[in-house]
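Notes for the one structure printed next.
None of the figures in this text is laboratory data; all of them are computed from the coordinates on show. Computed from a predicted model, the values in this text were never measured in an experiment. Neighbour counts are summed over all protein chains in view; Cβ atoms, including those assigned to glycine, are modelled from backbone coordinates with ideal geometry.
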Amino acid sequence: MVVKPQSWVRWLFLPLVLLGLGACATPPLALPDPTGPQVTPRAAVVEGLPSTEQIWGGVIVGVHNRVDHSLLEVVSYPQRNQEPQTARMTDGRFRLEVGGFLDPVDYRTGRRITARGSVQRTEAGRIGEVDYVFPVMVASELYLWPEVAAPERRSGGVSFGIGIGIGL
């Protein structure tokens with residue numbers, strides 16, 4: 001069988017097109033308008049509150065529902081396409097104020113979240129026995145990331161296949 005040059009080029013071109021489309025994936029939240037410098041929660045406390053909207057993301061560590069709003073405490077992480085990269089070092093913590101009620105079942109500890117909004121103030125708080133200053137973002141938009149399914153664990157035992165082995 002003779003392979004035509006055109007079919008070989010198609011097979012080379014297809015993965016490049018798919019890679020290019022994946023690189024163009026849109027993030028879940030609209031970018032702030034106008035786009036200003038993005039700062040971390042830690043820098044917002046040290047250097048001063050940013051004047052432009054920010055997009056911060058991380059992992060929820062607390063949910064507090066008030067009469068007219070909900071307040072989430074979030075451990076901030078660097079982002080890639082607005083998705084918190086939890087394998088990296090944290091960027092500090094922040095509080096996220098959201099109008100209305102957020103159900104603690106959905107917005108529970110350990111869920112990843114990304115928010116867009118203005119950083120309007122700081123609040124004194126505590127993490128364990130340590131005093132901490134939290135920047136407070138008033139959210140105009142939220143994105144709760146899908147939960148990642150935990151890999152199934154195989155119980156130990158004997159398994160048969162080509163050869164005989166013991167699975168741990």
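Stretching the chain fully between residue 90 and residue 130 yields a gain of 12.7 nm (0.36 nm per residue, less the alpha carbon separation). Taken over segment 41-144, the ratio of Cα radius of gyration to 2.2 N^0.38 Å equals 0.98.
Packing, as the average of other Cβ atoms within 10 Å across residues, places the peptides 74-81, 53-60 in the order 53-60, 74-81, highest first.
Our estimate of slack between residue 140 and residue 109, defined as 0.36 nm per intervening residue step minus the Cα-Cα distance, is 9.0 nm. Amide H contacts of residue 145: 112, 113, 114, each under 5 Å away and 5 or more positions distant or on a separate chain (H built 1.01 Å from N in the peptide plane; Pro and chain starts excluded).
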